[in-house]
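Below: one structure, written as structure tokens.
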Amino acid sequence: MLLALSSLLGATGGIPSFNRLLCRAAAEFAVEHGRHLHVVALTDPLYAEPGFVDTLAQRPGQPPTYTACAGDRPRFARSVLGHLGRGRLVVMGHVNLSPLGVPFGRFGVIAHGTDVWTRLPTLRRLALQQATVAAGVSEHTLQQLCQVQGVLVGRCQRLVNALDETNLAHSAATPSTADESSPRLRVVSITRLHPSEPKGIDLVIRSLPSLPQVDYEIIGEGEATPALLALADKLHVSDRVQFLGRLSEADKHAALARCHALVLPSSNEGFGIVYLEAMAHHKPCLAARVGGAPEVVLNEETGLVVSPTWEAVREGLARLTDPALRKRLGQAGYRRLGSRFTYPEFARHAHQMFGRLT
């Protein structure tokens, strides 16, 4: 088996997290079917500690192999195409890698969301259309694969995202410290802060002048930070907005434990693994009615799903000042996480995809 991935180790975010689940499921499938797993990662630094790969299931005497390419595309292409003619079961972990799958004849591709919302360049789109299986992390992503990229419906398959046991253990080990009796509402966003990615942080900040009881923490870093700082200053809410930068996993979970709700009204989510992280802490989520987020956060059931405007965000935040509502949504979110977004569910779908490639 060959997994050609954009990133796996040495990076944070939804795609590396997803890819670690994919590697785990692939290793289990490889053992079950007598195959040898090979993993090639495009952007992983050469010094990335491959300890994660060593923990994967393996055949006796045949541990999985791992190649990091440090962003060197020619090296990555050589590493992938070096497996031609060896009868590999091949999966490309990102639509941008699709052209490398074509020479193998049969191959799978995984779409993560916004990567297929707009029409791909011709070569990538044609390669994607030739994939034996095109998997998506949400029903919305599958719709975009068909309607925007021209992939046949019969070639598409849903992959259910999940939280791994490490994340769940962090959540369990970090009990809630939020003061539910306080008249103040503490909300948090966890995201990259890139100008080209509309994550909705500005919408939350714009809602704060009319919500003096709301305090806001932002976890993440990126080039959009100065503009967001300036916006908070212009609206005279800087004293209630904290930019915490990039945090360790332990500190991130501590922030989720002390908040009352996760707020990420993003127009840029194919899925949104951070919503699952909040649900693991029994926290309600506020999301935007765009992309795959409404499939994760169920409106009025596990959170609030609103239009991506600051007025709608303001109304949602005002409702979340109600402790009883927060408790009901948070508990339902935790139950939904445990019934829908678990590793066994992820592995079941992944094994179905691998089976279609044999």
Problem set entry | Within segment 95-111, tally of residues that are within 23 Å of the chain's Cα centre (by Cα) and under 12 Å from ALA134 (Cβ atoms) | 7
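Check whether at least one residue in segment 224-239 is of a type in the set (D, E, K, R) and in contact with a Phe, Trp or Tyr (Cβ under 9 Å, 6 or more places away or on another chain), and report yes or no. Walk me through it before giving the result.
Step one: filter segment 224-239 for residues of a type in the set (D, E, K, R), giving 233-234, 239.
Within this subset, residues satisfying the condition of being in contact with a Phe, Trp or Tyr (Cβ under 9 Å, 6 or more places away or on another chain) are none.
No, because not a single residue in segment 224-239 is of a type in the set (D, E, K, R) and in contact with a Phe, Trp or Tyr (Cβ under 9 Å, 6 or more places away or on another chain).
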Exercise. Can you find a residue in segment 25-32 that is modelled with pLDDT of 95 or more, within 20 Å of the chain's Cα centre (by Cα) and not aromatic (Phe, Trp, Tyr)?
Worked result: yes
Exercise. Among all residue pairs at least 6 apart or on different chains, which show Cβ distances below 9 Å where the first residue, located in segment 45-59, is among the acidic types (Asp, Glu) and the second is at pLDDT 80 or above?
Worked result: GLU49/LEU9; ASP54/PRO63; ASP54/PRO64; ASP54/TYR66
For this session: For segment 133-150, enumerate the residues that are more than 20 Å from PRO294 (Cα to Cα) and in contact with a strand residue (DSSP E or B) (Cβ under 6 Å, 6 or more places away or on another chain).
Result: VAL133, ALA134
Seminar exercise, completed: With the first residue restricted to segment 328-354 and required to be over 21 Å from LEU256 (Cβ atoms) and in contact (Cβ under 8 Å) with a residue 24 or more places away in the chain, and the second required to be among the aromatic types (Phe, Trp, Tyr) and in a helix (DSSP H, G or I), Cβ contacts under 9 Å at 6 or more apart or on different chains are PHE346/PHE18; ALA347/PHE29; ALA350/PHE29; HIS351/PHE29; PHE354/PHE29
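What helices (runs of 4 or more DSSP H) lie completely within segment 165-259 and have 3 or more residues being over 22 Å from the mean Cα position of the chain (by Cα)? Before you say what the answer is, go through the steps one by one.
Values: elements: 165-172, 201-207, 225-234, 249-258.
Of the helices (runs of 4 or more DSSP H) lying wholly inside segment 165-259, those with at least 3 residues that are over 22 Å from the mean Cα position of the chain (by Cα) span 201-207, 225-234.
Of LEU42, LEU37, LEU81, which residue is hydrophobic (A, V, I, L, M, F, W, C) and within 24 Å of GLN352 (Cα to Cα)? Walk me through how you get there before you give the answer.
Working: LEU42 fails: within 24 Å of GLN352 (Cα to Cα); LEU81 fails: within 24 Å of GLN352 (Cα to Cα).
After ruling out the rest, the residue left standing is LEU37.
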Exercise. Quick one: what pairs do we get from segment 82-95, first residue in contact (Cβ under 8 Å) with a residue 60 or more places away in the chain, second of a type in the set (D, E, K, R) and part of a loop (DSSP other than H, G, I, E, B), C-beta under 7 Å, 6+ apart or different chains?
Worked result: LEU89/ARG35
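The values are calculated or read from the model by the stated rules, or taken from the named source; none is laboratory data. Model, not experiment: these values are computed from the prediction. Don't worry about glycine lacking a Cβ; one is built from the backbone with ideal geometry, like all the others, and counts go over all protein chains shown.
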